[in-house]
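Report on one structure; see the data block that follows.
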Amino acid sequence: MRPKKYDAKGQLQISFNWIFVLIAGAVILLFFVTSISKEKDSSQTQLAQKASARLDAVFAVIQQNPNSVQIHDAPNYELDFYCTEEGHYYSLKDSSTKNYLENEHIFAPETVGKAKLISWTKTFSAPFPVSSILYLSDEKNQYVFITADSKIEKLYEDFPDKFSKRNVSLSQDITDEGFRKYIIIVAALPAILDGDVKKKTRSIIVVSSETTSDIYGYGKLKYYEGGSLTSIDKPYVGQELLFAGIVSGNSKLYACGLDKVLEKTRIVAQTNLLRTQKLKNEYDLTYTGRCSTFYGLVTQGYVQNLTVSAGSFETTDSTKNYKKFYESMMDLQRVNENILRSDCTLLY
Amino acid sequence: MNLKKKGQIQSGETVTVVIILMILIVLGIVYASNSKIAGLQKDNEKQKEIDGMKIAVLAAGMDELKCSIYSAKVNTCLDLYRLSAFSETMNQNLYSAKEYYFDTFRNSKIEVNILVNETYVENIVLYDFNNSENKSSSPIFFPLTVSDPVSKTNYFSILEVRTYN
């Protein structure tokens, strides 16, 4: 009996050791499996964060270098820009992480990346400085200017050389050179636009300027997207918004950025209205009345007109708030020139 | 009896090893989590400082506060009347200005201390918003010039930023 009992004890001890080894092994295995799966999950998020951090760094550098064009190293990922009901955002291709561009004034085409990035900054003024606009594109987006019209030729000359740009005399000269997208800028919709460039890779922008002497005055950008024969019209005022519409090459993305620029314009206009009121009060008390007259013009209508028209920029043709916006800008510019001549404190 | 005792001793040894192993694992986990918490706290402090610096740079570079293009001869020059008007726009939340700038400045306080003379410092609060329970970080100071366009006087000023994130 004794050896049997001894065997049973030994077996019990051996099984206990094995059970312990199994449990410990399972725990260790579970730990590693969980770590690896977590690592896998976070790698995608990390890449998205990296892309976001890099873009933030680009924005920060650009903001310190106003009115400059820069070329940045090619990232090994692609970013898609969206303008939906959720807002204006970008995300890594095939990633669900959305980086919202809440009040960054960025104008970019639908996709950039896996090619050298090109950035350009300009200060949008109305006419006082409102914000730094960032134009972002890459070498794979080509801007084709049909320069048969002198206004488009002017646009071509003023558009920075660092962007992938090309000028052609006729629409038939546009050929597929392997770019991701072709943004075609033209004065009137060309009758023939077959060529090599597929409808889905092109976007035609008809620049319809309503100021005869100056293309940078105000007007409409007529977008013919994805081969559509009906246009989506978006207004522009000034050079900064005109180039914003061109760089975006997409009516929705342009409209998203435009809304944000106008929202800020209203706030900045309000700040400038209060500033002018303060200047008027100061001059009323201590200086001659000549300066106060100028400030009075500004506080009694010019800024309000600008704010109201910026509030509903995109309206029907009969209202043309973008025209009113331009006229208010011109009024303010004229007053500022008079103020400069009269040696009073400038509006901007 | 002897064998039984030996078996009991061996089982006891295994149990002791298991207990010691468990204690070591628990100690390891506690140590690792403590060092991770300390690291996170350090990172959090560093992040607060970076956030503060970012906000200071953004605020000092705001186009809407800059001196007139004709009068600005110095770097980082802000217009005294613009600062005052901006502060008023923010206080009255005109055109939802607070909500608009919240996306940039988040939970923070931005003020400009203008050293008018040796005895008087004028303070203008540009932005003050905190919807969190967090305490403010140590302030970040950023030197700049504030220009009075009427008297044409430049003042040495300090931009002070505190974050609550």
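Scan the range A:252-280 residue by residue and report those that are over 18 Å from A:K320 (Cα atoms) and among the small types (G, A, S).
Within the range A:252-280, A:G257, A:A269 meet the criteria.
How about the range B:91-105: which of its residues are under 21 Å from B:M53 (Cβ atoms) and surrounded by 17 or more Cβ atoms within 10 Å (Cβ to Cβ)?
If the condition is that a residue be under 21 Å from B:M53 (Cβ atoms) and surrounded by 17 or more Cβ atoms within 10 Å (Cβ to Cβ), then B:Y101, B:F102, B:F105 are the ones that fit.
Under 7 Å between Cβ atoms, at least 6 apart or on separate chains: pull out the pairs that start in the range A:264-280 with a residue that is at the interface with chain B (Cβ under 7 Å from one of its Cβ atoms) and end on any residue that is of a type in the set (K, R) and buried (at least 22 other Cβ atoms within 10 Å of the Cβ).
As it stands, the answer is A:T271/B:R82; A:R275/B:R82, since those pairs meet every condition given.
Please verify whether A:A187 is among the small types (G, A, S) and at pLDDT 95 or above, treating the condition exactly as stated.
The answer is no for A:A187.
Picking from A:K122, A:K140, A:K151, which residue would you name as being touching a residue at least 60 places away in the same chain (Cβ under 8 Å), closer than 24 Å to A:E104 by Cα and charged (D, E, K, R)?
A:K122
Could you say which residue among A:L273, A:L285, A:L297, A:L279 is surrounded by 21 or more Cβ atoms within 10 Å (Cβ to Cβ) and either aromatic (F, W, Y) or modelled with pLDDT under 95 (or both)?
A:L279
Name the residues in the range A:156-168 that are touching a Ser or Thr at 6+ places or on another chain (Cβ under 7 Å) and either under 20 Å from A:A115 (Cα atoms) or modelled with pLDDT under 90 (or both), would you?
A:F163
Is it fair to say B:A85 is surrounded by fewer than 14 Cβ atoms within 10 Å (Cβ to Cβ), free of Cβ contacts under 8 Å to residues at least 60 places away in the same chain, within 30 Å of B:N134 (Cα to Cα) and of a type in the set (A, V, I, L, M, F, W, C)?
Here the answer is no, as B:A85 does not meet what is asked.
Considering each residue of the range B:92-121, count those that are free of Cβ contacts under 8 Å to residues at least 12 places away in the same chain and within 14 Å of another protein chain (Cβ to nearest Cβ), and give that number.
Residues flagged as free of Cβ contacts under 8 Å to residues at least 12 places away in the same chain and within 14 Å of another protein chain (Cβ to nearest Cβ) within the range B:92-121 amount to 9.
Residues that are within 26 Å of A:C256 (Cα to Cα) and within 22 Å of the chain's Cα centre (by Cα): find the strands (runs of 3 or more DSSP E) completely inside the range A:136-233 holding 2 or more of those.
A:141-146, A:181-186, A:202-209, A:218-225
Here is a check on your reading of the model: is B:S151 farther than 24 Å from A:T265 by Cβ, within 11 Å of chain A (Cβ to nearest Cβ) and without any contact (Cβ under 8 Å) to a residue 24 or more places away in the chain?
Against the criterion (farther than 24 Å from A:T265 by Cβ, within 11 Å of chain A (Cβ to nearest Cβ) and without any contact (Cβ under 8 Å) to a residue 24 or more places away in the chain), B:S151 qualifies.
Which condition from (1) within 30 Å of A:D80 (Cβ to Cβ); (2) within 14 Å of chain B (Cβ to nearest Cβ); (3) aromatic (F, W, Y) is the one that A:F313 breaks?
Tallying (1) within 30 Å of A:D80 (Cβ to Cβ); (2) within 14 Å of chain B (Cβ to nearest Cβ); (3) aromatic (F, W, Y), A:F313 fails exactly one: (2).
Only residues that are of a type in the set (D, E, K, R) and more than 14 Å from chain B (Cβ to nearest Cβ): list them for the range A:235-263, please.
Passing the criteria: only A:K252.
Right, A:S137: under 27 Å from A:M330 (Cα atoms) and not basic (K, R) or not?
For A:S137, the condition - under 27 Å from A:M330 (Cα atoms) and not basic (K, R) - is not met.
So which strands (runs of 3 or more DSSP E) are wholly in the range B:50-132 and hold at least 2 residues that are at negative phi and of a type in the set (V, I, T)?
Output list reads B:108-115, B:121-129.
So how many residues does the range A:312-342 have that are at pLDDT 85 or above and either more than 16 Å from A:K278 (Cβ to Cβ) or of a type in the set (S, T, Y) (or both)?
Qualifying residue count, the range A:312-342: 21.
The values are calculated or read from the model by the stated rules, or taken from the named source; none is laboratory data. Note that the coordinates shown come from a computational prediction; the quantities given were computed from them, not determined experimentally. A quick note on method: Cβ atoms are made from the backbone with ideal geometry, for glycine too, and the neighbour counts reach across all protein chains shown.
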